Structures are given as structure tokens and as C-alpha cells.
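J.: Before I ask anything, let me first share the structure, which is written out below as C-alpha cells.
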Amino acid sequence: MTSNTESVILRRSPFLSPLRVEDIFDEVDKIPPDLPFLELSTLHCRLEERVRSTVTLAQLNSLFNCNAPSLVKVYREGLRDYADVTPVHGDGSRDAYISRNGQATRDQLSSRIKWRALLLLCCPIYEKNLWESAEVFNDLTLTTLNSNLGTNAPSRLQALFRAFPDIVLDRSDGEHLIFYPSKKPTNLSKDYIYHLFFKIVRKRKEIRLSELSREMKLHHSVELNVDTV
């Protein structure tokens with residue numbers, strides 16, 4: 001008896017491994033000790049072969065919690081203190097040399113990536129509130145923070161400064177308002193709105209609420225309402 005059912009050929013698509021930070025660490029660690037450097041394009045190709053997929057700038061920025069405009073810069077920022085990435089020009093094309101330096105361990109680099117994610121999420125934030133938001137890291141003593149970030153700082157805030165040079169600190173009003181990163185538009189965090197509100201009030205000494213609301217909206221794009229106040 002013949003069947004009217006059409007035959008279906010099933011083909012299994014190649015297995016695609018999700019890209020992990022550990023994959024990048026592994027490829028950097030494969031650079032032979034007797035080889036002074038490796039072309040970054042070669043390492044990038046090996047990484048794509050490893051995960052059987054194209055590795056994009058957006059993926060790397062997401063993994064490293066960066067906002068770099070190029071592959072060279074995202075590797076240089078993401079692997080800082082773990083590997084040196086030096087831009088080079090040749091044959092009309094841009095590339096870079098990558099070499100291991102061993103200043104930071106894998107665990108320290110992973111900790112920095114997690115801290116960068118927290119800073120991007122919370123900043124601008126007052127220092128006193130940052131440590132409360134960072135409770136996910138469990139032990140926040142100076143000794144542990146220095147160990148996790150690969151720093152040797154006299155205070156927890158200084159440890160963050162050394163690990164993340166892009167941090168900007170506003171020391172006005174006796175409070176430490178932390179901005180990160182400094183080159184991106186400021187997030188309208190509650191701490192930042194609070195900071196702007198009282199900065200204007202102190203500057204003007206006396207101001208009508210309607211004028212304050214107008215100034216916040218015109219100069220800082222903040223709408224004073226029940227939620228923001």
C-alpha cells in the first residue's frame with residue numbers, strides 16, 4: 001500500500017556553542033609562552049571556530065560589559081591586565097598583536113566584569129548606596145575587594161578607581177557621587193535626581209517649586225512627578 005504522505009528528510013544543523021568569557025580566556029592561554037605575540041585576527045578566527053559561529057562586536061561588548069567601538073578596543077578593554085592588545089597597521093588593514101601579561105588572574109578578570117556590570121546598572125550612585133547594592137558579592141571587605149579586583153588600594157573606593165579608570169567622582173556636598181562610565185550619557189538614577197535637586201536648591205537658596213521643576217526639565221530632562229520626587 002502506497003502512502004500519500006510526503007517523505008521528509010531531516011538534517012541536523014551544526015551545534016552552536018554559546019560564547020562564554022571562558023572561551024576567550026582559553027584561546028588567550030593557548031598562546032605559546034615562547035611566542036611573543038599573536039595576531040588578534042587569528043585569535044578571533046580561532047574563537048569563531050570554537051563556537052562555530054560569527055563572533056560580533058556586540059557579543060563581545062555584552063560579554064565584557066563594555067561599550068567599545070571596535071574589536072581591537074573591546075579586546076583591549078575586556079582583557080586589560082590579563083593580556084596586552086597593541087594596535088598595528090599593515091597592508092592597508094588594521095589589526096592588533098595580543099600577548100599574555102599575567103597581571104590579573106581569570107578570577108580577578110571575571111570579578112571585574114561583574115563589577116563593571118553593576119556600575120553600569122547603578123551609576124550615578126552615592127558611594128554609601130553602592131555598597132548596599134553590591135551585597136551580591138557577599139564579602140565586601142577591603143582585603144577581599146583588593147584580592148578580587150587584583151588591586152592594592154587603601155580603601156574600597158580606591159580599589160574601584162584602580163580597577164576602573166573611567167570612574168568619575170563628584171565630591172560636592174560631602175557626598176561621593178560615582179559616575180561610570182564618564183563618556184556615556186548619564187543614567188537618571190534616583191541618586192542622580194536627588195543630587196541635581198539639592199544642587200539647584202543650594203545654588204539658588206530660594207526657589208519656587210514651579211521654577212525648580214522647569215529648570216530640572218529644561219536643563220536635565222528630568223520630569224518632577226510623584227515617581228521622581
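Read-outs: derived from the displayed coordinates by stated rules, not from any lab. Since the structure is predicted, the reported quantities are computational estimates derived from the model, not experimental observations. A quick note on method: Cβ atoms are made from the backbone with ideal geometry, for glycine too, and the neighbour counts reach across all protein chains shown.
J.: Just the Cα atoms of the chain, one point each, no solvent: what log10 I(q)/I(0) does Debye give at q = 0.11 Å⁻¹?
T.: -0.72
J.: List the lysines whose Cα lies under 25 Å from the Cα of residue 217, skipping any in the same chain that are fewer than 8 positions away.
T.: 183, 184, 190, 199, 203, 205
J.: Then there's this: So what does log10 I(q)/I(0) come out to for the range 119-187 at q = 0.13, 0.15, 0.25 Å⁻¹, using the Debye formula with one equal point on every Cα and no solvent?
T.: For the range 119-187, the Cα-only Debye profile gives -0.35, -0.47, -1.25.
J.: Separate question: Among the aspartates and glutamates, select those whose C-alpha is under 13 Å from the C-alpha of residue 73, and discard any that sit fewer than 8 residues away in the same chain.
T.: 84, 95
J.: Another question, if that's okay. Points 7 angstrom from Cα along the Cβ direction at residue 52 and residue 144: gap in nanometres?
T.: 4.0 nm
J.: What percent does the relative contact order of the chain come to when contacts are Cα pairs within less than 8 Å and at least six residues apart? The partial results should precede the final answer.
T.: Working: 245 pairs, mean separation 28.8, N = 229.
Over the chain, the number comes to 13 percent.
J.: Would you grab the residues whose amide H sits under 5 Å from the one on residue 126? Only those 5+ places off in sequence or on another chain, please, with H modelled 1.01 Å from N.
T.: Placed amide hydrogens put 178 under 5 Å from residue 126.
J.: Short version: ³J(HN,Hα) in whole Hz for each residue of the range 159-167, in order, from phi by Karplus 6.51 cos²θ - 1.76 cosθ + 1.60 (θ = phi - 60°), x for Gly and Pro, what are they?
T.: Once rounded to whole Hz, the list reads 4, 5, 4, 6, 7, 10, x, 7, 5.
J.: Right, something else. Dipole magnitude of the range 86-172 about its Cα centre, charges +1 at Lys/Arg Cβ and -1 at Asp/Glu Cβ only, in debye to the nearest 20?
T.: Values: 10 positive and 9 negative charges, 26 e Å.
Dipole of the range 86-172, to the nearest 20 debye: 120 debye.
J.: Report, to the nearest 10°, how far helix 40-51 tilts away from the longest principal axis of the Cα atoms in the chain, using its own Cα long axis and a range of 0 to 90°.
T.: For helix 40-51, the angle is close to 70 degrees.
J.: Relative to the first principal axis of the alpha-carbon coordinates of the chain, what is the inclination of helix 106-122, with its axis defined by its Cα atoms, in degrees from 0 to 90 and to the nearest 10?
T.: Approximately 50 degrees, to the nearest 10.
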